[in-house]
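The values are calculated or read from the model by the stated rules, or taken from the named source; none is laboratory data. Because the structure is a prediction, the values reported are computed rather than measured. Cβ: placed from backbone, ideal geometry, glycine included. Neighbour counts: every protein chain shown.
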Amino acid sequence: MITVEMVDKVMARTNCSYEEAKALLEEAEGSVEKAILLFNLKNKQRLNDMSSVDSVVAFLKGLIQKGMINKISVEKDGETILNVPLNVGIVAAVFATFPSLVAVATAFVTGCKVTIEKNDGSSVDLKDYAVERGKDISDTIKEKVSDYKDKKEEVEEEVEEKVEETEAGEKK
């Protein structure tokens, strides 16, 4: 059974729509991880291998491709420092990629709030998004380490059983 929480997890980790997330989960027979893998395969992206800056850039590119961004704004202490229309942001990102990344990083370090405002009136805080992606990557790593430990224990138990069987066979 596919739950709303499962759809939300897929949406949060892939930035896809509700309908896309639900379809991915249906195709993956309810497995969140398989749905995310399917998304990555279909979109030829390796989100788990990206650094935080790369994931933010990928997120922005995805929103731009979907035409969902209206403007990007930077605020500090409740005062708007910069309010850039989408077209200006695209030109800056294309022609001055590195300076754009440095500007965003500087905004984060100085305590500014960088927000992407969508056409539907909702907004996304880039710092929150980067932290969330970092947690997702951390959770994935923890899951893989846990799986590795479980597999290691299984192998150790199998080896011990084989050693005991061999020793018992030699005693006969």
Self-check item: Qualifying position, being among the acidic types (Asp, Glu), assigned by TED's automatic domain parsing to the domain that holds Phe59, exposed (fewer than 11 other Cβ atoms within 10 Å of the Cβ) and in a helix (DSSP H, G or I), among Glu143, Glu160
Solution: Glu160
Self-check item: In region 84-127, the residues that are in a strand (DSSP E or B) and out of contact with any Asp or Glu (no Cβ under 9 Å at 6 or more places or on another chain)
Solution: Val84, Pro85, Glu117, Lys118, Asp125
Self-check item: Number of the exception - Asp128 against (1) at pLDDT 85 or above; (2) acidic (Asp, Glu); (3) closer than 29 Å to Lys76 by Cα
Solution: (1)
Exercise. Report, ordered by the first and then the second residue, all pairs with beta carbons closer than 7 Å, sequence separation of six or more or different chains, a first member in region 1-24 that is in the same structural domain as Gly62 (by TED's automatic domain parsing), and a second member that is exposed (fewer than 12 other Cβ atoms within 10 Å of the Cβ).
Key: none
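Let's see how each residue does on (1) surrounded by fewer than 16 Cβ atoms within 10 Å (Cβ to Cβ); (2) within 27 Å of Ser17 (Cα to Cα):
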| residue | (1), (2) |
| --- | --- |
| Val91 | yes, yes |
| Pro99 | yes, no |
| Val102 | yes, no |
| Ala105 | yes, no |
| Thr110 | yes, no |
| Val114 | no, yes |
| Asn119 | yes, yes |
